[in-house]
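The block underneath contains the structure these notes are about, expressed in structure tokens.
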Amino acid sequence: MAKKITFLGIETSCDETAAAVIRENDKDTADVLSNIVSSQIEEHKKFGGVVPELAARAHLENIEYIIDTALTESKISIDEIDGVAATAGPGLIVCLTVGLNIGKSIAAFSNKPFIGVNHLEGHALSPGLENKIKFPYLLLLISGGHTQFLIVKDINKYEQLGTTIDDALGEAFDKTAKMLDLGYPGGPKVEKFAKLGDKNFFNLPEPIINRSGCNLSFAGLKTAVLRESKKINGDDELKFNLAASFQNTINKILFKKTKVAVKMFREKTNKESFQFIVAGGVAANKTIRNNLLALSNEMNFEIVYPNLKFCGDNAAMIAWAGIQRFKKNMIDKIDIEGKSRWPLDKNAPYMKGPGLKL
Ligand code: KG4
Ligand code: ZN
């Protein structure tokens with residue numbers, strides 16, 4: 001029987017300092033031996049968003065302790081691991097550098113291979129920690145910085161079908177929470193308060209819904225929420241109605257655009273049955289999960305979600321992506337640097353800004 005690969009993973013691309021130790025198992029999934037995440041919510045709460053310098057400083061203060069805890073909890077020594085993976089992008093350079101530098105040092109001192117992981121690939125492969133994944137699959141990646149439909153053909157082989165032309169979905173949730181004064185971090189707050197409201201109360205726009213394949217847009221919706229929020233004058237009931245209507249509109253948009261993406265996937269791959277994976281921080285939203293589950297029943301495909309603890313940023317998914325790349329011999333040089341922008345499909349058109357044609 002082939003040796004089971006064990007990796008240390010490190011994640012510091014944004015506002016979570018995380019380390020994990022993962023080992024492959026016989027089910028083609030992973031044994032998560034430890035998964036330590038230290039969130040910086042308290043540091044950024046009063047600013048209503050992530051402040052890069054504060055985030056970098058918090059990573060620096062915490063990273064050694066987090067890695068130490070991950071190793072201790074896993075009962076695995078550095079000598080027993082087969083390699084180290086750290087997020088190399090996309091993300092805030094000042095933050096990425098913290099995890100990258102310590103990851104590279106551990107690898108160099110212990111004479112182990114080092115892998116710089118694309119954070120988005122970490123999210124893309126994250127359901128594989130607990131589910132057997134079959135390529136090619138359709139991926140909807142929804143996080144604080146990214147919103148994309150992709151065909152995942154293999155490790156490192158992605159074809160983008162659609163993306164947002166303005167805000168990322170997590171960003172739209174975060175801005176809505178801010179406009180409604182619901183607290184930080186925005187996504188979970190909107191979901192919580194939306195439960196108390198009437199989702200059909202406000203009629204909000206679904207931007208570019210009838211255009212442009214499975215590209216998405218949320219800026220017009222955000223403006224509409226801002227306009228309505230100015231009229232509610234601290235009335236909690238109206239506030240909850242607006243949160244609920246916003247979330248309902250998002251669900252309507254995702255339902256319709258995923259339908260288009262599924263058709264595109266089937267045409268391009270000639271595969272009727274396939275897995276549809278929804279990953280990233282926003283995939284933790286239960287109404288979105290149920291909404292897309294209903295679509296999977298209607299269109300007859302299998303839907304796979306990561307466990308809630310692997311939706312938001314974590315290092316288990318980074319270690320897992322590291323193991324997959326290691327097995328394909330995709331080992332990085334020790335001088336690899338952080339990248340602020342690192343699309344999964346490097347041939348995909350850049351969809352933001354002037355000159356955009358839909
Ligand atoms: O993947 P992630 O942890 O970090 C990035 O790579 O960006 O995603 C964070 C995003 C934030 O915008 C957060 O508000 C959103 O995911 N999020 C949610 C929920 N939980 C987290 N959005 C909607 N509903 C949720 N329950
Ligand atoms: Zn993320």
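Summary of computed values
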| item | result |
| --- | --- |
| Relative contact order [Cα under 8 Å, 6+ residues apart], the range 137-305, whole percent | 27 percent |
| Residues Lys132 and Asp198, FRET efficiency given R0 of 45 Å [Cβ-Cβ distance, rounded to 0.05] | 0.65 |
| Beta bridges per DSSP with both ends in the chain, % antiparallel, nearest 5 | 60 percent |
| Calculated log₁₀ intensity ratio I(q)/I(0) where the Debye formula runs over C-alpha points of the range 137-305, q = 0.15 Å⁻¹ | -0.78 |
| Global geometry of the range 260-336, whether rounded, prolate or oblate, following the gyration tensor of its Cα atoms and the 1.5 cut on a/c | oblate |
| Sparse-neighbour loop sites [GluC sites (Glu not before Pro); the range 225-287; at most 15 other C-beta within 10 Å; DSSP] | Glu272 |
| Trypsin sites (Lys or Arg not before Pro) within the range 1-54, DSSP loop, no more than 11 other Cβ atoms inside 10 Å | Lys3, Lys27, Lys46 |
| 10 Å Cβ shell holding at most 16 others, DSSP loop, chymotrypsin sites (Phe, Trp or Tyr not before Pro): longest site-free stretch of the chain | 48-200 |
| The chain: angle of helix 236-269 to the longest principal axis, Cα-based, in degrees nearest 10 | 60 degrees |
| Within the chain, helix-based [θ] at 222 nm, where runs of 4 or more DSSP H residues each add -39,500 (n - 2.57), nearest 500 | -13000 deg cm²/dmol |
| Kirkwood Rh, angstrom, the chain [1 / mean 1/r, Cα pairs] | 20.9 Å |
| On Cα atoms only, tilt of 52-74 relative to the major axis of the chain in degrees | 50 degrees |
| Dipole of the chain [Lys/Arg +1, Asp/Glu -1 at C-beta], most positive-end residue of Ile142, Leu54, Asn300 | Asn300 |
| Gain on full stretching of the segment that runs from Thr69 to Leu226 - 0.36 nm per residue minus C-alpha separation | 52.2 nm |
| Range of Cα positions in the range 87-207 per principal axis (Å), largest first | 60, 33, 29 |
| Degrees separating the helix 93-110 axis from the principal Cα axis of the chain, which is the longest one | 20 degrees |
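Any read-out appearing in this document is the output of simple, stated calculations on the displayed coordinates, not a laboratory observation. Computed from a prediction, not measured in an experiment: that's the story for all the values here. We place every Cβ from the backbone using ideal geometry, glycine too, and count neighbours over all the protein chains shown.
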